[in-house]
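K.L.:
Pasting in a structure now, in structure tokens, and then I'll have a few things to ask.
The values are calculated or read from the model by the stated rules, or taken from the named source; none is laboratory data. Note that the coordinates shown come from a computational prediction; the quantities given were computed from them, not determined experimentally. Cβ sites come from the backbone with ideal geometry, for glycine too, and all protein chains shown count toward neighbours. Heads up: the accessible areas ignore ligands, DNA and RNA and are worked out on the full protein's heavy atoms, side chains in. Shrake-Rupley method; radii C 1.70, N 1.55, O 1.52, S 1.80 Å.
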Amino acid sequence: MVSAEKAGPTILTIFGAGGDLTWRKLMPAIYNLFLDGWAPGHFAIIGLDLKDLSNEEFRKHLHEGVNRFSRRGKAKSEKWKKFEKCLQFEKQDFTSPATYKGLKKKIEKLEESWGSPVSRVFYLATPPALIEEIAGRIGAAGLAEDKKRSRIVVEKPFGHSLESARHLNEKLGEIFDECQIYRIDHYLGKETIQNILAFRFANALFEPVWNRNYIDHIQITVSESLGVENRGSYYDDAGALRDMIQNHIMQLLCLIAMEPPVSFDANEVRSKKVDVLRALRKFGRNEVQKYAVRGQYGEGWMKGEKVKGYRQEPGVDENSNTETFAAVRFLIDNWRWQDVPFYVRTGKRMHEKISVITIQFRPVPHQSFPAEATENWQPNRLVLNIQPQKGIRLRFQAKLPGLKMLLGPVDMLFNYSQSYSEPPPEAYEALLLDIMLGDATLFMRADQVEAAWAALMPIINFWKAHSPNDFPNYDAGMQGPEEADALIAKDGHSWLVLPMEE
Ligand code: BG6
């Protein structure tokens, strides 16, 4: 959430630099920051991993990653040559104190040669099981002491339950102050998601109607067409609720439901989000079945090709009961949202990849038009298209051209690709720059993570205690299980997905 600053001298240490995240996401993002002039003047990236790579091999590997995954396509060779000078690699064991002693020496040497204090960023691109150990050793080596300049970055999943998230928060809190901890949720770095705050709070038009008096219900759909790819063993232990709802979808819900912040101070914005999470109505034991639906994909057809069922994916238990689809109806107990349902759903191997938020307004209080005029009438609807198409659509009623008074829906449309010529930066570009600048607005605070877990634990516990007896219950390529349609139909609604071009 930067205004227009460049980060000061920075040393970014990546634990797990030989892994997929660094290759596909982090390095293309850092390289784009460099191209756009956002990279610090003094900048070093120290890659650590158990893999055996020379500096040269490391640079070559990252170059290939940038060529494949950067939004700008292949890196121009003279630019890359300039950039790669800041990259160095060391084969290191993350459990050995010597690793951290050596790292400290290296950082201090660089600091000395640059003649200025630097921001020390420790990015844990590692499996979650290593977070506690690495953080502890960073602390023991005295690398976390500068509260202003030392930062630790932790990827999701943050915990596996409320209890484990609390434990992890406590452990990190013994070493770092909260302001030094950056818990990543990459959705918060997406341009269209950051724009929700701008849309709501930079326009006087929408906020007065953004409440229970005008809004009937809200839907959040994040559907994916991919299956679990090569992440079967991680996913089988997580499931859709933990993998997508606990973090990304809860954050979307917060952005839609939060009160206006007094300022864009990181803690102010995050406190307003926590208020939403705390106001979520907790499910009683007997309510989970009523308000939450789970599903798992079986084999099916996607774009003319036969694809495997979830239980046949590599790394997945052949009798797995893990959900690959989840839909939940939430209520928020506060003045603004009392009785307004928030329906959320997410799933893998669904018909298409699309993330959409729909704000469905209430009907007009009285129809003055004759019955025949209103045959095609619909209440107002605001659709925020998050991805892959990006834009906002406001649907309202208009008189159909002609001599008769007939009404029909029309759209006002804001489409990113038509309004702006440049593709927006990737989520990781925004997040990495914020980390280097020390701006935590787009990162999850400890209480936020815990409040999100607390809201979901009744569902997690109920699902664990009651095995599903109908899995797989949707075919790959479909829109999830029928029960998800029934969940929303009970309230007289149906799932709405409006892609930009429709
Ligand atoms: C990740 C999940 O956090 O988000 C994945 O672990 C999921 O399972 C991914 O596929 C979706 O991200 P995006 O940016 O493609 O919507």
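Quick grid of which residues meet (1) open to solvent by 60 Å² or more (accessible area, probe 1.4 Å); (2) more than 21 Å from Ser119 (Cα to Cα); (3) over 26 Å from the mean Cα position of the chain (by Cα):
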site	(1), (2), (3)
Leu33	no, no, no
Asp36	yes, no, no
His42	yes, no, yes
Gly47	no, no, no
Lys51	yes, yes, yes
Lys60	yes, yes, yes
Glu78	yes, yes, yes
Lys82	yes, yes, yes
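Matching residues to (1) open to solvent by less than 10 Å² (accessible area, probe 1.4 Å); (2) of a type in the set (A, V, I, L, M, F, W, C); (3) closer than 22 Å to Leu437 by Cα:
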site: Ala144; (1), (2), (3): yes, yes, yes
site: Lys147; (1), (2), (3): no, no, yes
site: Glu155; (1), (2), (3): no, no, yes
site: Phe158; (1), (2), (3): no, yes, no
site: Leu162; (1), (2), (3): no, yes, no
site: Leu168; (1), (2), (3): no, yes, no
site: Lys171; (1), (2), (3): no, no, no
site: Phe176; (1), (2), (3): yes, yes, yes
site: Lys190; (1), (2), (3): no, no, yes
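K.L.:
If a residue has to be at negative phi, near the ligand (Cβ under 10 Å from one of its atoms) and either outside any helix (DSSP H, G or I) or not assigned by TED's automatic domain parsing to the domain that holds Asn461 (or both) to count, how many in segment 228-260 make the cut?
P.N.:
2
K.L.:
Can you name the residue in segment 198-222 that is open to solvent by less than 10 Å² (accessible area, probe 1.4 Å) and more than 10 Å from the ligand (Cβ to nearest atom) and is also nearest to His366 (Cα to Cα) among such residues? It would help to see each step written out before you state the result.
P.N.:
Within segment 198-222, the first condition is being open to solvent by less than 10 Å² (accessible area, probe 1.4 Å), and the residues that meet it are 200, 210, 215, 217-222.
Checking which are more than 10 Å from the ligand (Cβ to nearest atom) leaves us with 200, 210, 215, 217-221.
Values: Arg200: 27, Trp210: 20, Ile215: 16, His217: 19, Ile218: 22, Gln219: 25, Ile220: 29, Thr221: 31 Å.
The selected residue is Ile215.
K.L.:
Can I ask one more? Going by the structure shown, is Glu57 at pLDDT below 95 and either within 20 Å of Arg151 (Cα to Cα) or out of contact with any helix residue (DSSP H, G or I) (no Cβ under 7 Å at 6 or more places or on another chain) (or both)? Step through it out loud before you land on a result.
P.N.:
Working: at pLDDT below 95: no; either within 20 Å of Arg151 (Cα to Cα) or out of contact with any helix residue (DSSP H, G or I) (no Cβ under 7 Å at 6 or more places or on another chain) (or both): yes.
When the stated conditions are applied, Glu57 does not pass them.
K.L.:
Quick one: which of Leu394, Leu382 is in the same structural domain as Ile215 (by TED's automatic domain parsing), open to solvent by 30 Å² or more (accessible area, probe 1.4 Å), out of contact with any Ser or Thr (no Cβ under 6 Å at 6 or more places or on another chain) and outside any helix (DSSP H, G or I)? Spell out the reasoning first.
P.N.:
Working: Leu382 fails: open to solvent by 30 Å² or more (accessible area, probe 1.4 Å).
Among Leu394, Leu382, only Leu394 is in the same structural domain as Ile215 (by TED's automatic domain parsing), open to solvent by 30 Å² or more (accessible area, probe 1.4 Å), out of contact with any Ser or Thr (no Cβ under 6 Å at 6 or more places or on another chain) and outside any helix (DSSP H, G or I).
K.L.:
Working only within segment 79-110, note down all residues that are assigned to a helix (DSSP H, G or I) and either of a type in the set (S, T, N, Q) or touching a residue at least 60 places away in the same chain (Cβ under 8 Å) (or both).
P.N.:
Here is the first cut: in segment 79-110, the ones assigned to a helix (DSSP H, G or I) are 79-84, 97-110.
Within segment 79-110, Thr99, Leu103, Lys106, Ile107, Leu110 qualify.
K.L.:
What number of residues within segment 248-273 are touching a Lys or Arg at 6+ places or on another chain (Cβ under 7 Å) and among the aliphatic types (A, V, I, L, M)?
P.N.:
Initial filter on segment 248-273 (touching a Lys or Arg at 6+ places or on another chain (Cβ under 7 Å)): 254, 258-259, 261, 270.
This time we only want the ones that are among the aliphatic types (A, V, I, L, M), so: 258.
Total meeting the criteria: 1.
K.L.:
Can you work out which of the residues in segment 357-379 that are aliphatic (A, V, I, L, M) and buried (at least 19 other Cβ atoms within 10 Å of the Cβ) is nearest to the chain's Cα centre (by Cα)?
P.N.:
We begin by selecting, within segment 357-379, every residue aliphatic (A, V, I, L, M); these are 357, 359, 364, 371, 373.
Those still in the list that are buried (at least 19 other Cβ atoms within 10 Å of the Cβ) too: 357, 359.
On the way: Ile357: 14, Ile359: 20 Å.
This residue is Ile357.
K.L.:
Taking the options Leu413, Leu487, name whichever one is surrounded by fewer than 20 Cβ atoms within 10 Å (Cβ to Cβ) and of a type in the set (A, V, I, L, M).
P.N.:
Residue meeting the stated conditions: Leu413.
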